[in-house]
């Protein structure tokens, strides 16, 4: 994961502070969020809760409130703190921290079997922890760039594909539920270029699924879409060279983060080389 500077953290806060992240199963796993270590600290007590969503300006939680607790909330202070916990890849213990909160309101959680469940909205009266800004900011940046830079292609070889976070350029392309081995030539937020066995004219515009293996945990990522352009590989009529366009709704969040992190590393590397070259010229 790229090193994040204090300036980048400030940029994350300025650009993304009002965007809400919903902690569904995919996001929870990707960010390493530890849901069972979350609680509200109010009026000197710990109130167990479930984090539903968070921005850099506030959060929404689900919790059980008894009538006496609701009465206390009405009469006493509405200030407290919310405990976050994340399990990071390079740390043996979870990263935990508190964010000061102000209760904005709460309502009955609809369609709940438990009548005591409430949906509570919290505001952050001050800027939250840099740790939260870095974690949510990096995630949000990847999603924004998935739209802004969706056509920016990364030529890949075995070295590059591992730096991105996948095991190999040798992957699987599934066309109408028939798996074929393929060779990746480039990747982007929005698609891929690949070579695989097959006759091009029978594959044009066909729906397909690209399967990549995560370098870290061996998990298979599936990216659905369709072939935008297919053509025979020059000199090899039995091989097809294809450009695949991903369905944006099918792209896993972890894929977006991997591509975004690599593009940031690439940008820094290019800037460093330009800086080194300009320094040599000035000597």
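Restricting to region 172-212, what's the tally of residues that are more than 21 Å from the chain's Cα centre (by Cα) and touching a residue at least 60 places away in the same chain (Cβ under 8 Å)?
Number of matching residues: 1.
Looking at region 20-27, can you tell me whether even one residue there is within 22 Å of residue 143 (Cβ to Cβ) and over 18 Å from the mean Cα position of the chain (by Cα)?
Within region 20-27 (the criterion being within 22 Å of residue 143 (Cβ to Cβ) and over 18 Å from the mean Cα position of the chain (by Cα)), the answer is no, since none of the residues qualifies.
Tell me whether region 181-197 contains one or more residues that are more than 15 Å from residue 243 (Cα to Cα) and at pLDDT 95 or above. I'd like the intermediate steps shown before the answer.
First pass over region 181-197, keeping only residues more than 15 Å from residue 243 (Cα to Cα): 181.
Those left that are additionally at pLDDT 95 or above: 181.
So far as region 181-197 goes, yes, one or more of its residues are more than 15 Å from residue 243 (Cα to Cα) and at pLDDT 95 or above.
Under the condition of being touching a strand residue (DSSP E or B) at 6+ places or on another chain (Cβ under 8 Å) and in a helix (DSSP H, G or I), which residue from region 8-43 is nearest to residue 217 (Cα to Cα)?
Residue satisfying both the conditions and the ranking: 31.
Quick check: is even one residue across region 108-121 on the phi > 0 side of the Ramachandran plot and at pLDDT below 95?
Yes, region 108-121 has at least one match.
What number goes with the only condition from (1) loosely packed, with under 14 Cβ neighbours inside 10 Å; (2) over 18 Å from residue 140 (Cβ atoms) that residue 14 does not pass?
For residue 14, the failing item is (2).
The values are calculated or read from the model by the stated rules, or taken from the named source; none is laboratory data. From a predicted model like this one, the values you see are computed outputs, not experimental measurements. Cβ sites come from the backbone with ideal geometry, for glycine too, and all protein chains shown count toward neighbours.
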